[in-house]
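Here is the structure we will look at, set down as structure tokens.
Coordinate-derived values only; no laboratory data. Predicted model only: the values in this text are computed from it and were never measured. Because the Cβ atoms are built from the backbone with ideal geometry, glycine has one as well, and the counts that use them run over all protein chains shown.
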Amino acid sequence: MGKAQNNHDGPVAPLWVRRPEALHLVAYAVATLVFTGQIVAVILRGSDWPTALSVLLAGAGVALSWWRPWAGLIVASAASFAVTAVGHDPLSVWMMAVLVLFSITLRGRQPLAGTAVVAAFFLGAFMTVGGFRGGAVVGAAALFSAVAGAATGAALRIHREHWRTLEERAESAIATREIEATRRVTEERLRIARDLHDVIGHQVAMLSMHLGAAEIGLPEDAEPARQALVSARSSARTVVVETQRILALLRIGDDASPDEALRPTPALSGLEGLVASFRSIGLDVRSSVVLPAGFVEPSVGVTVYRVVQEALTNAYRHGVGPATVEVGERDGRICVTVENGVSEAPHGPASGGGLGLVGMRERVESSSGRLTIDSDEGRFRVHAEFSPLGAAV
């Protein structure tokens with residue numbers, strides 16, 4: 001049977017799973033054909049009215065089962081008894097009852113109860129008012145066809161429900177991953193805010209110190225300039241207070257440990273120490289770190305440090321073999337490249353499903369950098385480029 005296309009990765013559900021009414025309609029279409037054939041046979045043979053009435057009873061049962069499954073099944077099964085009672089072979093009418101049984105079990109009705117209803121009329125007709133062409137062997141085959149019809153309908157329904165369960169789990173996994181990605185982005189933004197607070201706090205403190213030195217060095221008659229410097233120092237203190245207030249709001253509900261909060265702000269000068277810390281836990285790191293000679297915006301230094309940290313964390317969790325770290329200046333831009341082999345089985349802590357890369361991209365974009373992540377021939381590569389001055393004002 002054909003397959004229905006969907007937008008999810010993984011196995012594609014069969015068409016009848018996507019459109020369960022298809023099998024239901026096929027069963028009724030076959031039952032309708034059988035009923036039509038029986039009516040034509042009744043007309044051509046010139047059968048008496050009890051026979052015609054029995055066949056019409058079977059057709060009425062099929063139609064009724066569309067709206068009232070159990071009532072329709074009982075009527076269609078009773079028709080096979082009626083056809084036997086008037087002295088005709090009931091196998092064609094019996095087939096209609098089996099098709100109705102298949103349809104109602106496919107719709108979720110109890111297969112055992114349905115089989116019992118059909119079998120009761122069948123065995124009653126066989127053992128009381130008549131027999132079948134071919135004797136007991138054909139009768140037994142007809143009985144087992146009813147069992148097979150009910151079992152097939154129930155099995156297909158269970159299979160369809162299994163597919164639906166898998167699809168719901170896949171959708172739930174996608175939704176959970178999106179929520180987790182959002183959470184990671186939020187956490188990384190908070191981390192950026194912490195680092196930015198430390199950088200701004202340091203720079204503003206240095207600014208205030210220089211303003212104080214300038215104020216002391218002013219001559220006695222430079223009162224307007226002194227007042228301007230006093231105002232500037234007051235503004236610098238306001239900047240520090242406001243950044244602390246904003247960070248306090250961002251940290252509501254934050255569970256960062258005190259040790260992490262007291263760590264110094266990451267910087268380019270700490271890259272060698274960062275690489276050494278990964279070597280100490282068993283990761284083979286081959287590094288080439290050449291710090292730029294000119295001025296580098298402190299926030300850019302923090303971002304470079306965090307990119308290398310996250311990339312080496314990924315290498316430790318998912319990589320195999322040595323990892324290479326290259327940091328240097330090229331064409332007036334700071335270039336960072338971390339590369340490692342890819343392992344199929346993670347040997348470190350539990351995987352984060354690549355969500356750490358979401359935070360890395362957030363971090364790089366906050367510094368107006370450009371991040372490239374690719375995997376080729378068993379190698380995973382993270383490359384980032386920054387202007388030493390960071391985002392343009």
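Annotations for the structure displayed:
- Highest to lowest packing among 226-238, 330-342, 97-109, scored as the average C-beta count within 10 Å: 97-109, 330-342, 226-238
- Net +/- balance of residues flanking Trp70 in space, Cβ distance below 15 Å, scoring K and R +1, D and E -1: +3
- Ranked packing of 291-297, 268-274, most packed first, by mean Cβ within 10 Å: 268-274, 291-297
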